[in-house]
Amino acid sequence: IGLDPVESAVRGARELGVSLGLPEARFEIGGFTATGLGDASCDAVLSVDALWMVWNKHAAFAETARILRPGGRLVFSTWEPGYLDHAKMLARAGFTVTVKEEAHRWLERQLEVYRLILREADTLREELGPGAPVLLAEARDTPATLPDTPRYIIAATR
């Protein structure tokens, strides 16, 4: 089950699933704090670099605990500024953290992504239209904060 709060993204994912011959893949509208999924309905939850955008991480972890079956696993990657401790928040939500490690060469790779975004700014403006300024601002402004905001891969069980 794939979740996204944007209807057009869900629609696109459904179409892609069909075109790839994956009719059993399911994509629904939902978010971290309100998935719309049933209690204990999932064996695992995976999130790649999206949790950093969630304001209420406590609610997100509580919702994830609710939808995971006992023994279910949560795996995610995210950035962790000094004022956050995902492991403590997970423990409060009933999880046991089994892995918390800094992603391999994350800073070098992230800086390269931003460098390429800025290099291709004109192409991105053309392709993304009104969405381009946000991406370009991130690529310009974020690198200075990255050394103090490590990117982690975290796994936890319910």
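Brief remarks on what is shown
- Overall Cα dimensions of the chain - principal axes, largest extent first, Å: 48, 40, 25
- Share of carbon and sulfur in the accessible heavy-atom surface of the chain [1.4 Å probe, %]: 58
- Long-range amide H partners of residue 44 with built H, under 5 Å: 73
- Per residue, the accessible area of the chain comes to 62 Å², computed with a 1.4 Å probe over protein heavy atoms only.
- For residue 103, residues with placed amide H under 5 Å, excluding near neighbours: 151, 152, 153
The values are calculated or read from the model by the stated rules, or taken from the named source; none is laboratory data. Here the structure is a predicted model, which means the values were calculated and not measured. For the accessible areas, the whole protein counts, side chains as well, though only heavy atoms, and no ligand, DNA or RNA atoms are used. Shrake-Rupley method; radii C 1.70, N 1.55, O 1.52, S 1.80 Å.
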